[in-house]
Amino acid sequence: IRLLAAAAIPGPADARALAGALLLAGGAASLAFLPDAGIAWTVVPQLLAGAGMGLALPALSPERDLTDAARTLVARHVGIVLVLAILAPVATARLTTATDDAILKGASLVLDAQIDPLQKLRLAPALLDDVDTDAPRETLTQAVENRRGDFTDNADVYDRLGQRLDDVVVAAVLDAFKVAYLIAAALALLTAVFYLPLLRRPAILLAAAVAAGCAVVYATEANDESAPKVTLADPCDPRAVPGSSGLAGEIQARVLNELNEAACKVGVSREELALAVFDESRARDFEAEHGVDPRTTINLLSLLGG
């Protein structure tokens with residue numbers, strides 16, 4: 001691909017450097033807007049980024065002799081270290097934050113699911129406390145499978161819940177790496193700025209159009225294909241209780257209303273409170289942060305249907 005691209009851009013090395021920087025920026029920007037976690041969506045952006053690097057690196061750092069080759073090798077490794085020093089902390093911090101947010105959104109889905117109200121209160125921490133920041137999707141999938149046997153009477157509902165939880169985690173992971181890819185794209189564009197006088201060449205205009213077009217298509221597809229967003233509602237605002245008939249419906253309404261009222265008084269989301277009430281570790285963290293034992297904020301007999 002690099003050779004084909006280089007053949008299409010004759011002339012000075014600066015022209016190939018500009019085209020390469022534009023293609024690399026387009027590939028990185030496209031990776032920031034993956035429509036889903038399928039590997040097929042990564043192929044085109046990786047081809048663009050790879051072709052861009054193949055064009056730009058030889059043009060920016062020619063290797064005419066051993067000295068040039070050694071200098072280029074050192075420069076490349078230093079560049080990799082510097083970029084990783086910038087991007088790694090950003091991605092790590094955002095992944096941790098996104099995973100924590102996904103856990104709360106997952107708890108919201110569990111609380112609103114059409115399953116037994118008493119089961120859901122125990123299910124939320126049981127599922128979501130197993131989510132690991134280093135492998136959130138894999139650990140969530142395993143947690144869902146481990147508890148599937150408890151919901152044989154509501155297998156379809158449980159399957160839909162598992163899929164929605166997976167959607168939330170995938171969206172969180174994609175969002176966590178979005179900024180890192182956009183920073184990489186910005187760095188590539190910053191390099192391109194130094195060669196803008198060459199932009200009028202037809203081949204370079206084509207490279208710019210391909211890069212921009214790919215990024216726009218991916219951003220549009222990501223918006224169209226994204227799963228419905230989960231919003232953590234204010235517990236102080238009235239909200240509809242998931243419909244359910246009979247005694248189970250009455251218990252569910254009581255449970256969720258009790259959670260909302262208690263969360264409103266403490267000033268936290270109902271999801272954070274629900275996770276803390278039924279998990280010892282979260283209860284300690286909750287009390288340390290908010291100065292109150294979460295289990296004293298609600299009527300446990302009410303939550304148990306008493």
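The C-alpha atoms of the chain define a longest principal axis, and helix 155-193 lies at about 30 degrees to it. Longest exposed-loop-site-free stretch of the chain, with trypsin sites (Lys or Arg not before Pro), DSSP loop and at most 15 other Cβ within 10 Å? That would be 65-199. For the chain, modelled as a GNM whose springs connect Cα atoms under 10 angstrom apart, the maximal fluctuation among 177, 194, 286 occurs at 194. For the chain, the cysteines with no partner cysteine C-beta closer than 4.7 Å are 214. Along the charge dipole of the chain, pointing to its positive end and built from +1/-1 on Cβ of Lys, Arg, Asp and Glu, which listed residue (54, 155, 213) has its Cα farthest out? Looking along the dipole axis, the top candidate is 54. Applying the Kirkwood pairwise sum to the alpha-carbon positions of the range 143-271 produces a hydrodynamic radius of 19.8 angstrom. Rounded to the nearest 500, what is the 222 nm mean residue ellipticity of the chain from helices alone, with -39500 (n - 2.57) per DSSP H run of 4+ residues and division by all residues? It comes out at -24500 deg cm²/dmol, rounded to the nearest 500.
Of interest is the spacing of the C-alpha centroids, which for the range 166-236 and the range 117-165 amounts to 31 Å.
Under the simplified labelling scheme, the residue 240-residue 154 pair shows an inter-label distance of 1.8 nm, with each label point 7 Å from Cα along Cα→Cβ.
Sequentially through the range 265-274, phi angles give Karplus couplings (6.51, -1.76, 1.60; θ = phi - 60°) of 5, 7, x, 10, 7, 5, 5, 4, 5, 4 Hz, Gly and Pro residues having no value and appearing as x. Which of the lysines could a cross-linker span from residue 120 if the Cα-Cα distance has to be under 22 Å and same-chain partners fewer than 8 positions apart are dropped? The qualifying lysines are 105, 229. Measuring spread by the Cα atoms of the chain yields a radius of gyration and Dmax of 25.6, 83 Å.
Only the coordinates and a few stated rules stand behind these numbers; no lab work does. Owing to the predicted nature of the structure, the values given are computational and were not obtained by experimental measurement. Positions of Cβ are backbone-derived with ideal geometry, glycine not excepted, and every protein chain shown enters the neighbour counts.
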